[in-house]
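Read-outs: derived from the displayed coordinates by stated rules, not from any lab. All figures in this text were calculated on a predicted structure; none of them were measured in a lab. Here the Cβ positions follow ideal geometry from the backbone for every residue, glycine too, while neighbour counts run over all protein chains shown.
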Amino acid sequence: MRRSHQRSSGFAMIMAIFFMIVISTLLTYMLSTTTETANRTTNTYVNEQAQLLAKSAVEYALLRVSGVDRSVSPCLEGFNTQYPGTNPIFDINVSINYFGFGDACADRFPASTVGVISTSESNGTMLIDVYVTSTTGVGSLNLSEPIRYHRRTLQKL
């Protein structure tokens with residue numbers, strides 16, 4: 001009688017070890033999936049934030065250009081900024097090319113790439129390029145790859 005009790009005790013030990021292996025495998029898979037989902041969510045959030053910053057940078061460029069007296073000071077060719085101001089997550093680079101501004105603002109758009117623009121509808125047109133790039137030290141965000149977003153727009157002044 002004692003032998004059968006020892007066999008069932010040994011079998012229970014093997015079943016317990018097998019059960020622990022199965023549970024640990026499932027927990028490892030769940031942890032891996034949770035980490036992947038969190039990284040994907042963070043990347044999506046940061047990418048959306050970069051797109052919104054690019055739109056805001058275009059509006060800010062229009063505001064800054066409209067505040068410049070082009071008869072007194074030269075045209076604004078672009079600017080760089082970071083967001084947020086302390087511990088920046090993004091570098092924002094804005095470049096502005098003008099065409100159709102006449103003498104007040106010399107054309108800075110290379111005519112060789114688009115030809116000569118001579119229509120009255122094109123006067124006062126700007127080509128605004130905005131590059132939003134995540135910084136290398138992104139703080140507490142765990143990005144799987146750097147974010148770089150480019151927005152190009154034509155605007156009339």
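Remark: the stretch 85-90, residue by residue, has Karplus-estimated 3J(HN,Hα) of x, 9, 6, x, 9, 10 Hz, where x stands for each Gly or Pro and the curve is 6.51 cos²θ - 1.76 cosθ + 1.60 at θ = phi - 60°. Peptide packing for 55-68, 25-38 was compared via the average number of neighbouring C-beta atoms within 10 Å per residue; ordered from the highest value, the list is 55-68, 25-38.
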